[in-house]
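Data first, discussion second: the structure below is written as structure tokens.
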Amino acid sequence: MEIISESQMSADEKWMRRALTLADKAAELGEVPVGAVLVKDGLLLSEGWNQPIMKHDPTAHAEIMAIRHAAALIKNYRLPETTLYITIEPCSMCAGAIIHSRISRVVFGASEPRAGAAGSIINLLQNEQFNHKTDITSGVLAEECGQVLKDFFKMRREVKMKKKNKKSLKS
């Protein structure tokens, strides 16, 4: 983990708020609400939101979508000196893509205690056995990022319960 300055924190919050708007977009599409923004030199390079259901692609996580778009844009699979902002801690698949693309820094909001690969269950991003290590800043707008997920899954459970109740009334 790294120590960040007050001006860096305000930039981190700015970009995390953008990632939150992308998470909302994913939720509107029925996807798990996760958003990601890739920044270089203080400028937006690319962004992504969860799309595995819509694209029928288990790899279409927000981070992967942002990485794919940036790599295509700059015509290089390496993305050094970039920062990836994600509303939730990356999973092992996304951590692998972050390592291979040489992203310098990851900033995430909510921790992911079931699948987090940036410190919650494992820290792949700073594993000494890999040839690239990524700086990590966690907890930026964590409450807001976590609440988006909680609200989404609460709504999903309510819809499921309504369908179940309708079905039992018809029987």
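FYI, it's all coordinate maths here, none of it is from the lab. Everything numeric here is computed off the predicted structure, so don't read it as measured data. Glycine gets a Cβ as well: all are built from the backbone with ideal geometry, and neighbour counts include every protein chain shown.
Angle of helix 62-74 to the longest C-alpha principal axis of the chain, folded into 0 to 90 degrees and rounded to 10: 40°. For region 47-88, the relative contact order works out to 32 percent when only alpha carbon pairs closer than 8 Å and six or more residues apart are counted.
Kindly identify region 51-125 as rounded, prolate or oblate by the Cα gyration tensor criterion: order the square roots of the eigenvalues as a ≥ b ≥ c, call it rounded if a/c is under 1.5, otherwise compare a/b with b/c, prolate if a/b is larger, else oblate. Cα axes put region 51-125 in the oblate bin.
Within the straight-line cut-off of under 12 Å between alpha carbons, the aspartates and glutamates reachable from LYS55 are GLU31, sequence neighbours fewer than 8 places apart in one chain being disregarded. Along the axis of the charge dipole computed for the chain (Cβ charges of +1 for Lys and Arg, -1 for Asp and Glu, origin at the Cα centre), the listed residues ALA97, VAL140, ALA26 are led at the positive end by ALA26. In the chain, the longest principal axis of the Cα atoms and the axis of helix 92-101 are about 30 degrees apart. Pairs of Cα atoms nearer than 8 Å and 6+ residues apart set the relative contact order; for region 1-121 it is 20 percent.
Taking loop as defined by DSSP and a crowding limit of 15 other beta carbons within 10 Å, which GluC sites (Glu not before Pro) in region 65-171 fit?
Details: sites: GLU81, GLU128, GLU143, GLU144, GLU158; in loops: GLU81, GLU128.
Qualifying residues, ordered by number: GLU81, GLU128.
Here LYS163 is the anchor, and no aspartates and glutamates lie within straight C-alpha reach of less than 13 Å, apart from those fewer than 8 places off in the same chain.
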